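Right, one structure below, let's go through it.
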Protein chains: 2
Amino acid sequence: MNLKNQVEWALHCCAVLSNLPEGRYLSARSLSEFHGVPKEYLGKALQGLSKAGIVHTTLGPSGGYRLALPAGEITFLNVVEAVEGRKSTFQCSEIRANNPCRPGDFCDDKPCAIARVMWKADEAWRQTLAAVSLADLQQTLQQDLPAEILRRSTEWLLDRAG
Amino acid sequence: MNLKNQVEWALHCCAVLSNLPEGRYLSARSLSEFHGVPKEYLGKALQGLSKAGIVHTTLGPSGGYRLALPAGEITFLNVVEAVEGRKSTFQCSEIRANNPCRPGDFCDDKPCAIARVMWKADEAWRQTLAAVSLADLQQTLQQDLPAEILRRSTEWLLDRAG
DNA sequence: CAATCATGGACATGCCATATCCGGATCGGG
DNA sequence: CCCGATCCGGATATGGCATGTCCATGATTG
Ligand code: SF4
Ligand code: SF4
């Protein structure tokens with residue numbers, strides 16, 4: 001699984017949404033302007049989040065997106081899988097079936113040792129992402145970012161939140 | 001990082017080479033026939049293993065490939081990185097620089113919280129792969145595969161080893 | 001010298017991430 | 001009740017990259 005830009009964008013959007021006051025919505029237009037990415041394309045990623053139940057949307061003027069759950073209950077893994085799907089990094093093309101020494105009617109009962117190791121690594125990757133929530137991210141960002149930028153960003157966003 | 005077929009092929013080739021008797025070589029032609037993949041293309045993956053020092057090669061008739069190290073000292077991670085390179089699954093395109101509220105001369109001193117989480121997950125993935133050696137794989141395969149197939153495969157391979 | 005082999009570059013092809021556009025449905029405000 | 005803003009989904013280009021093929025070169029064996 002090759003993580004595309006959509007994932008980076010989605011994570012940034014969630015970070016922004018997670019410090020929006022309760023009940024306010026932010027439009028795709030504002031989110032795209034804030035991050036400097038094309039609005040139409042960002043919409044695709046947001047649709048993924050919407051279908052996964054991570055964000056809630058409303059239509060019409062002053063519509064947009066907000067988190068559908070408390071920030072503490074949304075993990076990085078949720079966001080990544082909502083945008084990327086759940087394909088594993090390793091895809092087996094069953095080349096063992098080409099072994100000229102195998103009887104043609106032989107049927108493998110389980111995935112081979114190679115695939116099992118690769119999938120175990122994927123599982124470790126997922127567990128790491130599942131251990132971090134948007135609330136954790138928010139807390140880290142508060143410490144990382146200079147207060148000045150944080151203040152001006154919040155102001156900028158509230159100005160556009162419907 | 002999206003794992004391509006080359007990785008699957010390389011791992012299978014290493015598995016085969018790791019139960020080849022000491023000092024024998026197996027040509028790319030034989031390896032490609034055994035796995036049912038195009039010879040020229042498989043060669044690319046094997047060249048990666050060669051440049052990484054995982055396999056040793058000789059030219060001329062009866063030439064080919066053998067492991068350059070004991071099977072216990074070659075990990076899955078070594079093979080994967082030899083073929084795929086060491087790019088991480090998550091690539092940051094620095095969209096935080098587009099934030100309209102940031103002063104233009106502001107310079108970030110460290111990667112942001114989002115990237116740090118993603119890279120930590122990559123690290124967990126790598127550690128899992130680094131924990132399994134080709135010797136471990138060989139042992140598992142001996143238990144998994146029916147003895148009949150194992151015997152005929154070994155025979156097939158020794159027949160072609162130079 | 002002839003056959004076999006690894007190496008590496010050039011090239012064709014097909015798929016997929018990226019990006020754009022538009023029509024439809026829904027809602028808020030006048 | 002109408003208008004404009006917004007989300008949603010499908011259709012469609014486009015560029016890059018993985019896949020796959022071909023060939024020239026140099027090295028080795030017999
Ligand atoms: S041995 Fe594993 S990786 Fe190879 S074809 Fe079988 S299941 Fe796939
Ligand atoms: S916040 Fe993280 S992921 Fe986003 S642009 Fe900055 S370093 Fe990249």
If the convex hull is drawn through the Cα atoms of the range B:60-101, its volume per residue in Å³: 114
Charges at C-beta only: +1 for Lys and Arg, -1 for Asp and Glu. How large is the resulting dipole of chain B about its Cα centre, in Debye rounded to 20? 260
How big is D, in µm² s⁻¹, for the range B:31-75 by Stokes-Einstein at 25 °C and 0.890 mPa s if Rh is the Kirkwood radius over C-alpha pairs? 215
Could you give the alpha-carbon Rg of chain A over 2.2 N^0.38 Å, rounded to two decimals? 1.35
Which of the aspartates and glutamates could be linked to residue B:110 by a straight reach, that is with a Cα gap under 13 Å, when you skip same-chain ones fewer than 8 residues away? A:144, B:94
Taking a label point 7 Å out from Cα toward Cβ, give me the nm distances from residue B:19 to the same spot in the other copies, shortest first, one decimal. 5.8
What lysines sit close enough to residue A:44 to cross-link, taking a C-alpha to C-alpha distance under 24 Å and skipping anything fewer than 8 places away on the same chain? A:4, A:87
Lys/Arg +1, Asp/Glu -1 at C-beta; the protein assembly as shown dipole; positive extreme among B:72, A:54, B:117: A:54
Counting only heavy atoms of protein chains, what accessible area per residue, in Å², does chain B have with a probe of 1.4 Å? 49
So the label point sits 7 Å from Cα along the Cα-to-Cβ vector; using that for residue B:95, what distances do you get to the other copies, in nanometres, sorted shortest first? 3.6
In the range A:5-162 the accessible area split gives carbon plus sulfur, as whole percent at 1.4 Å, a share of 50
State the dimensionless ratio Rg/Rh of the protein assembly as shown (Rg: radius of gyration of Cα atoms; Rh: Kirkwood radius). 1.11
Aspartates and glutamates with Cα under 20 Å of residue B:51, excluding same-chain neighbours fewer than 8 positions away: B:8, B:40, B:73, B:81, B:84
Loop by DSSP (not H, G, I, E, B), at most 16 other beta-carbon atoms within 10 Å: where is the longest site-free stretch of chain B for GluC sites (Glu not before Pro)? B:23-93
In what order, largest first, do A:44, B:51 sit by accessible area if the probe radius is 1.4 Å? B:51, A:44
Inter-copy label distances at residue A:135, 7 Å along the Cα→beta-carbon direction, one decimal in nm, shortest first? 4.7
Gaussian network model of chain B, Cα springs within a sub-10 Å range: biggest mean-square fluctuation belongs to which of B:122, B:144, B:136? B:144
With a 10 Å cut-off between alpha carbons and a GNM built on chain B, which of B:152, B:126, B:96 moves the most? B:96
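The values are calculated or read from the model by the stated rules, or taken from the named source; none is laboratory data. These figures come from a predicted structure and were not determined experimentally. All Cβ positions, glycine included, derive from the backbone under ideal geometry; neighbour counts span all protein chains shown. What goes into the accessible areas is simple: the full protein's heavy atoms, side chains included, and nothing from ligands, DNA or RNA. Shrake-Rupley method; radii C 1.70, N 1.55, O 1.52, S 1.80 Å.
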